[in-house]
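The block underneath contains the structure these notes are about, expressed in C-alpha cells.
Every number here is computed from the coordinates shown, using simple stated rules; none is lab data. Keep in mind the model is a prediction, meaning the values are calculated, not measured. Every residue, glycine as well, gets a Cβ built from its backbone with ideal geometry; the counts of neighbours run over all protein chains shown.
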Amino acid sequence: MPHSRFIFRQLTRSGNQAAVFVLCVTLSIVTLVAVNGFGDSISRSLLRDARTLHSGDIILHAHTPLSRPLLDAAADLERSGKAQTVRIYEFYSVVRSGMGDDSLLADIKIAGPAYPFYGRVTLASGRDFQSVLTPGAAVVERPLLDRMGLSVGDPLKVGEATLTIRDVVVHEPDRPVSFLSFGPRVFVAMSDLDKLDLLKRGSRVRHYLLLKTPEGTDLERMADRLRSVAVPGQERVETYRTARSRIKGFFDNFLFFLALIGIFTLLLSGIGIQSALTALLKEKERTIAAVKAMGGTGRFVIGHYIAVVGILGAIGTVLGLVLGFALQWAMPTLFGGLLPDDLPLTLSFRAMLEGLVLGVMAVALFAFLPLHRLREIKPGAVFRKESAGRRRGLPFYLAAAALFLFFTAMVLWQLEDPRIGIWFVLGISGLILLTALAAAAILAGLRRLPLRALAPRQALRGLFRPGNATRATIVTLGAALAVLFSIFLVEKNLDAAFVRSYPADAPNLFFIDIQPDQTAGVSELLGTAPRYYPVIRSRLLSVNDEKIDRERERKRRRDNLARTFNLTYRDYLLDDESMLEGNSLFRDDIDGLQVSVLDTVVDMRPMAIGDRLEFNIQGVPVTAAVSSIRTRTKESIKPFFYFVFPEDSLLKHAPQSIFTAVRVPKDKIGETQNRIADRFPNITAIDVTQAIADFADIVHRLSVVVRFFTLFSLLAGVLIIVSSVLATRFARTQEAVYFKVLGAKSRFVLTVFTLENLIIGLISAALALAISQTGAWIISVRVLDIAYRPYPGASLLMGAATVLLVVAVGLSASLSILKQRPVIFLREQTEE
Amino acid sequence: MTFRSRTVLFITLAVLAVSAAPALSTDPDPPITIVAMGDSLTEGLGVPEERAYPAVLEQNLQKAGYPVKVINAGISGETSAGALSRAEWILRLKPDILILETGANDGFRGVEPEAVKKNIAAIIRILRKRDVVVVLAGMKMVKNLGEDYIQAFEDVYQTLAADFDVIFIPFILEGVAGDPALNRDDGIHPNADGYRKVAAHVQPYVEKAIGRWRGREADG
Amino acid sequence: MTVLEAQNLTKTYAIGDRQIPVLGDVSFSVSAGEFLVVAGASGSGKTTLLTLLSGLDRPTAGSVWIEGTDITHLSEDELAPFRNETMGFVFQSFHLVPSLNALENVMFPAELRKDPDAPKKAASLMERVGLSDRRDNFPHQLSGGEKQRVALCRALINDPRIIFADEPTGNLDSENSAAILKLMLDLREERGATLVMVTHSPEIAATADRTITLTDGRITGEQRHAA
C-alpha cells in the first residue's frame, strides 16, 4: 500500500537536486527526440534530393546504345503500368554560330518530353521547360552565349541542324555536381535527334533510360530484374538510393557527428541523473533511517523512492517530449533553408518513441545504483552522524555492466557502423578510466603537499574529508567537461576547416594544360600573377629496385602506387604543408636527384629517407632518392603533389603542363574564359563557382545545426556541475558552521571554500582540457581527416569559465550560512 | 594506297627483314629504338603495359626478326600541345623511329583543328631536326562532335602527312574503333584484343619506317 | 567580577503561524572562574539558553553581555574573535571537523588567531588528556570518549575565559562520562576559566558552584553549592 503523503512530502521537499534530476531527464529526451527527428528529416530530404539528382527512381546507363533486351524489359514495365520511362542522350559536340565562324564544344542533352521526372528545369525566362523546348529550339547555359557572343533568338548549328536559341537554362536538377564538364549545356528536343545526325556508328554518347515508379514499388527488385537482362560491364542499372553521390557522403558524416552529440548529451545527462539522485537521496538518508527505525522495511523505502524517482522522471519525460515536439515543429524555422521548404511537416513519432524508450531506459539505469544504496542505510544512521560507507558489491558491478552494455548498444545503433561504434565505446571507457587514474594521481600528490597557511591547507583537507566524493566529483566533472570540450574543439576545427577550404578568396576557376611559355601571357590576360604549379605526369616503377606490383596495387581500395602521379618541382613548402621527416625539402648529403614525398605515399608503402624511387617520366626512366617526408592539411581544395623535386633539376626540362587556380568575380568568368581560350586554345578552363557556392552554403548551415545541438551538451555539463557541487553542500555547510563556532570570520570560510572549489574546478578543467585536446586531435586527424588546431585561447577560456562556474555554484550553496547564526545548523544536527 | 602497291611493299619489306636477320645474330647492338609517343590510346589505359600496342608491336617485330626496342611513351589525357611540350624531352630516349599518336584529347575538348595542326607540325619539325623517322598516326573523331569539325580534324592529318612526307597511318584505330568486342566498357579505349589488332595494323608502317631508317643509316 | 550576564532573555520559535515560547525573561550573571550548571528536564530550554549566551543564536528579546560587551546584536564577523579567544565550546555530539585529524582539530582555533605555538600547545594538551598516540587519527576513527577529549582540548587551546559545555557526556557511557567530566573540571581549575554547562545530571550539578534550574523556559530554581 503506497503511502502517498510520504511520496508527496519527498517530492516537495527535494528542492534543487530534484530540479537538476528533472532537467537532466528532460535534456536527455529532448536531445534524443530532436537529433533523431532532425536526422529523419535530413534523410528523407536527402533521399528526395537523390531522386531529384538522378531525376528518376531507376537509372539505366551505358556508353553504347542500350541493348534490345533491356529496352524490351523497360517497355514491358511501362506497358504493364509499373513504370514510366524517358530516354536521354548526352554527348559533346562542337556547335557553331549561325554564320558558322564561331565554334565551341558543348555538352548536348536530348531528353524525352517526360523529362524531368523529379525536380524541374528552371529557365531564365521562368517559362515551362518542355513548352520552350519545341522542335528546332535549343536551350543553352549562359556561358555558351558569353563565349560565342550569341544571344537568345540567334541560330545555333548543332550537327547537321540549325536550331534557334530559345532560352537560357538556370538550373537543371540532374546536372551532377561535377568539377569536370568540358562545355556548357545545350538542350535539344528529342524530335530533332535525327536531324542532328550525330548519333551514329562512331559516336560517343551517354545513353540513359530513366524509370519513374509509383510510390511503394520495390525498387531493388525491379532493378535486379532489369540487371538480369542488362549486358554486364556495359549497361549499369542503379536506383536513386544506391547511386552514390558526394553530397550524400557529406551528409552521412554530418549525421554521424550529430548522433555523437546526441549520445554524448545522453551520457552527460545520465551522469547528471545519477549525481543528482545520489545527492538527493543522501540528503534523505536520515529520513530514510528514521523510516527504517520506525519499522519501515527496505522494500517500503525503496518502493517509495522508486515512486518518487518515477514521478520526477515522468515529469522530466513529459517536459522532454513536449520540448522535443516543439523543437521538431520549430526545426524548419530554426534551420531555415537547410531543409527544403516544401518538405511536408510530419512530426517524427518514431523519433519521439525512440527518445521516450531510450530516455526511460537511461533514467532507470542511472537511477539504479543510487536507489540500490538505500538498502545499505541502517536505522542506526539516525543516531550516527556519518553516512553509510559505500561498499561495492555485486549490484554495483552489475549496474555498471548494464550501463556499459546499454551505451555500447546505443552507440552501435546510432552510429550504424559497428567498427567505429566499438572504437567509440572503447574510447569513452578509456576516457573515464584515464580521468579516474589522473584524478587519483593528482589527489594523491596534493595530499602530500605540505602547506603552512591555514586556509589553503584547510581547503586541501576539505577535499579528503571522509565520505567526501571529491574523486568521484572530479571524475564526473572531468569526464563530462572533456566530452564537452571535445565537441567544442572538434566543431571549431570542423568549422575552421570548412572556412579554410572555402575562404572568400577560394579559387573558382581552374586552368589546366597551360604550357610553360604561356604563363606570362595567362598572367597578362588574368591581370594578376597567380601561383603556377608545374605538373609532370609520371609513373612509379620501383622502390629500392623492387618493382611495383601493378595488379596488387590496383586491388587496393583507396589510392595506390600503380596510378599515374603528377610530379612537380619547387624548393619551398606550400602554405598547407609541413615537414614530417627531415628539416628541409632537400638535403645536401644526397648525391644525384632527390625527391620529397607526401606522407600519403608512405601510407601506401613504407618509405624512408634515402630510399631510391624509380619513375617513368614521360617515357624516360628517372631515379631519385627520398630526401624528406611532408604532410599537409587535407581539408583544403588547394592543389597538392605527392612527389616534389628540386626546382633546379632534370625535372625542369621534363615535359610539363602548368596548372593554376584563380578567383574571378562571378560575372567575369565567361569573359575571362573567352580571353584565355581565344589566345591559348590548348588551355582548358574549369568553372567551379556554383558547386563551391552551394557546398559552402550547406556547410555553413550545418555548422549552425551542430552548434545548436552542442548547446544541449553544454546544458547537461552545467547541470552536472550544479549537481555535483550541491551534492557536497551538506558537508560544506557543516564545516562552515564548525569554523564559525571556533571563531573563524566569514572571509576565512569564504577563502577556504573558494580554494576548495578552485582546486576541484582546476583539476577537473585541467584534466578535461588535456583529454579533450588529445581526443579532439584524434577525432580531427584520424576520423575526420582535417587539420587540428588546439585553440589555446578558447580552451583556456572554457577552462576558466568552468572553474568560475564551479566556484560560483559552490559558494552560492554555502553563502547562506555565513550571515546566519550557527545554531540553525547545529540544531538540525542534534535535534530533529 | 592500292592493294597491289601494298603487297609489293610488303614483299619488299619481308625481303629486307630476311636480309636483316643474319645481321642481328652477329651484331645484336645497337637495337633500333622505336618510341611510341601518344595519349591514352598508346599508354593503354586500363590494360597492363605488356598488353598495350607498343609492347605487342615490339614482340611482333622481334618475332619477325627486327632488332627493335619499342618504348611506350604514352600519357593518358595528353593533348597535342602536351605532346609538343615534351618532344624535346623524348629525344633523351634517342629514338630512331617515333610513332606519333596525338590529338584525340584535343578533339574531345573541341580544340580548334588549326591549333592541333600547328602543334603536330612543330613536333615533326623537332623530330626531323634530329633525324628521327616519324610515323604519324591519323585520328578520326567521334561522330557526335559534328561533321564540320570531324572533317576539319581529319584534314589536319592528311595535310600534315602531305606537307612533311612522314609515314602516315590514316587511322590508327582502323577496324577497332566502335567494336564493343575490341574496346573497354567506356567504348573508347581498346582492350587487349583491340590492341593486338592495333599492333598488327601499325606494324607494316613501322616496318616501312625501319626500312627508311636503315636506308638513311646506310647513306650516312 | 561578572564575565557573562543575561538580561531578560526571551526566545520564541515560529513554527507555521504559531509562536512557541522557549525561553521567557531569563536573567542572571556569571562571575569569573565560576562553574555554573544549567539544569532542567528535556525541552526546558536549557540548550537554547546556552546557544543564546554563547552567541550561537540570537534572542527574540533581551541581551547578553560578555565581559562588558553587549554581543546580542553583533554581526557574525564581530562575534568571531569572541568565539575564537573568549569562549570555548564542548558539544554533546562533539562537532569535530571531519576532514581534520585529532591534532589538527585541536590546533585549529589557535591557528585561526595565528598563534605560532599552536602545534606545541595542542601537543601538550593532547598529552594532558592522554591522546598523544591518537593525534593523527581522524574523528571517524576515534571512540566517543576520545572525540570528546579532542573537543575539550580544542575548546581550551586558546585559553578562553568562558567554556560552554552542552551535555558534554550525553553521548558517552558512564565510565567515559566520569573521565571526561573529571578532565574538564581539572583543566578548568588549572586555567581558572569560567564554565557554563548544560546537563540534566544531578551528580554533575552537585559538583558545580551554582545550579540554575529551568522549567518551561523560566528559571524556577537557583542553588549555590558549597565549595
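Rounded to the nearest 5, what % of the DSSP beta bridges within the protein assembly as shown are antiparallel ones? Working shown, then result.
Details: 95 of 151 bridges.
Counting DSSP beta bridges with both partners in the protein assembly as shown, the antiparallel share is about 65 percent.
Please work out the Kirkwood hydrodynamic radius for region B:3-219, using every pair of different C-alpha atoms, and report it in angstroms with one decimal place.
Working: mean 1/r = 0.0570 Å⁻¹.
Across region B:3-219, the inverse of the average 1/r is 17.5 Å.
Fewest Cβ neighbours within 10 Å first, please rank A:R166, A:R782, C:R83, B:R212 accordingly.
Values: A:R166 21, A:R782 10, C:R83 28, B:R212 16.
If I rank by nearby Cβ atoms, fewest first, I get A:R782, B:R212, A:R166, C:R83.
Would you tally the net charge around B:D193, using a Cβ to Cβ cut-off of less than 13 Å, leaving B:D193 out, and scoring K and R as +1, D and E as -1? Let's see the in-between values first.
Details: positive: B:R51, B:R184, B:R196, B:K197; negative: B:D179.
Combined, the nearby Lys, Arg, Asp and Glu give +3.
For helix B:113-129, what angle does its Cα long axis make with the longest principal axis of chain B, in degrees from 0 to 90 and rounded to 10?
The angle comes out at about 20 degrees.
Counting other beta carbons within 10 Å of each Cβ, put A:T754, C:T51, A:T528, A:T802 in order, fewest first.
Details: A:T754 18, C:T51 22, A:T528 11, A:T802 26.
Neighbour counts put them in this order, fewest first: A:T528, A:T754, C:T51, A:T802.
Can you compute the helix-only [θ] at 222 nm over chain C? Use -39500 (n - 2.57) per DSSP H run of at least 4 residues, normalise by all residues, nearest 500 deg cm²/dmol. Don't jump to the answer; show the numbers that get you there.
On the way: 7 runs with 73 residues, N = 227.
Result for chain C: -9500 deg cm²/dmol, rounded to the nearest 500.
Can you pull the mean other chain C-beta count within 10 Å for peptide A:200-209?
Taking all residues of A:200-209 together, the mean is 4.
Roughly what angle does helix B:147-164 make with the longest principal axis of chain B, taking Cα atoms, 0 to 90 degrees, to the nearest 10?
With both axes taken from Cα atoms, the answer is about 30 degrees.
If packing is taken as the average count of other Cβ atoms within 10 Å, what order do A:592-601, A:60-69 fall into, highest mean first? If you can, show how the numbers build up before the last one.
Numbers: A:592-601: 20.1, A:60-69: 17.7.
Peptide ranking by packing, descending: A:592-601, A:60-69.
Once you list every other residue whose beta carbon is under 10 Å from the beta carbon of B:D148, what net charge do they have if Lys and Arg are +1 and Asp and Glu are -1?
Working: positive: A:R96, A:K157; negative: A:E160, B:E147.
Neighbour charge sum, excluding B:D148 itself: 0.
Taking a threshold of 24 Å on the Cα-Cα distance, which of the pairs A:K492/A:K666; A:K547/B:K69; B:K69/B:K118 fall above it?
On the way: A:K492/A:K666 29 Å; A:K547/B:K69 20 Å; B:K69/B:K118 29 Å.
With Cα atoms farther than 24 Å apart: A:K492/A:K666; B:K69/B:K118.
I'd like to know how the protein assembly as shown sits against the 2.2 N^0.38 Å rule of thumb: what's its Cα Rg over that expected value?
Details: Rg = 45.6 Å, N = 1279, 2.2 N^0.38 = 33.3 Å.
Rg over 2.2 N^0.38 Å, computed on Cα atoms: 1.37.
For region A:509-687, what is the per residue volume of the convex hull drawn over the alpha-carbon atoms, in cubic angstrom?
Working: hull volume 24.0 nm³, N = 179.
Convex hull of Cα atoms, per residue: 134 Å³.
By per-residue mean of other Cβ atoms within 10 Å, what is the highest-first order of C:116-128, C:38-50? Before the final figure, lay out each step's value.
Working: C:116-128: 16.9, C:38-50: 21.1.
Listed from highest to lowest mean packing, they are C:38-50, C:116-128.
Can you compute the radius of gyration and Dmax for region B:99-185, using only the Cα atoms, both in Å?
Both quantities, over Cα of region B:99-185: 13.4, 41 Å.
Which pairs, out of C:K121/C:K147; C:K120/C:K182; A:K109/B:K140; B:K63/B:K208; A:K745/A:K819; A:K745/C:K114, put more than 20 Å between their alpha-carbon atoms?
Numbers: C:K121/C:K147 18 Å; C:K120/C:K182 23 Å; A:K109/B:K140 23 Å; B:K63/B:K208 16 Å; A:K745/A:K819 10 Å; A:K745/C:K114 13 Å.
As for pairs spanning more than 20 Å Cα to Cα, those are C:K120/C:K182; A:K109/B:K140.
Go through C:A179, C:L49, C:F82 and say which Cα lies farthest out towards the positive end of the charge dipole of region C:2-224; charges sit on Cβ, +1 for Lys and Arg, -1 for Asp and Glu.
C:A179
Add -39500 (n - 2.57) for each DSSP H run of 4 or more in chain B, then divide by its residues: what number comes out at 222 nm, to the nearest 500 deg cm²/dmol? Display every interim value, and only then the final one.
Values: 9 runs with 117 residues, N = 220.
Taking each H run of at least 4 residues, the total per residue is -17000 deg cm²/dmol.
How many Cβ atoms of partner chains, on average, are near each residue of C:97-110 if near means within 10 Å of its Cβ? Each step should come with its number before you reach the end.
Details: counts 9, 13, 15, 7, 1, 0, 0, 4, 2, 0, 1, 7, 5, 2.
Going residue by residue through C:97-110 and averaging, the value is 5.
Just tell me how shielded A:678-687 is by partners: mean number of partner chain Cβ atoms within 10 Å of each residue's Cβ, no decimals. Walk me through the numbers before you get to the answer.
Numbers: counts 0, 0, 2, 12, 14, 3, 5, 0, 0, 0.
Partner Cβ neighbours, averaged per residue: 4.
For the ranges A:223-231, C:159-167, B:152-160, what's the packing order if you count other beta-carbon atoms within 10 Å of each residue, average per peptide, and put the highest first?
For the peptides A:223-231, C:159-167, B:152-160, the packing ranking is C:159-167, B:152-160, A:223-231.
Dipole size in debye (nearest 20) for the protein assembly as shown around its Cα centre, Lys and Arg Cβ +1, Asp and Glu Cβ -1?
Working: 142 positive and 136 negative charges, 595 e Å.
Dipole size: approximately 2860 debye.
Arranged by the count of other C-beta atoms within 10 angstrom, fewest first, what order do C:M197, C:M184 take?
Working: C:M197 29, C:M184 25.
Ranked by crowding around the Cβ, least crowded first: C:M184, C:M197.
Per q in 0.15 Å⁻¹, report the Debye log10 I(q)/I(0) for region C:2-224, using one uniform scatterer on each alpha carbon and no solvent.
These q points yield log10 I(q)/I(0) values of -0.98.
Counting Lys +1, Arg +1, Asp -1, Glu -1, what net charge surrounds A:V132 among other residues with beta carbon under 12 Å of its beta carbon?
Net of charged neighbours comes to 0.
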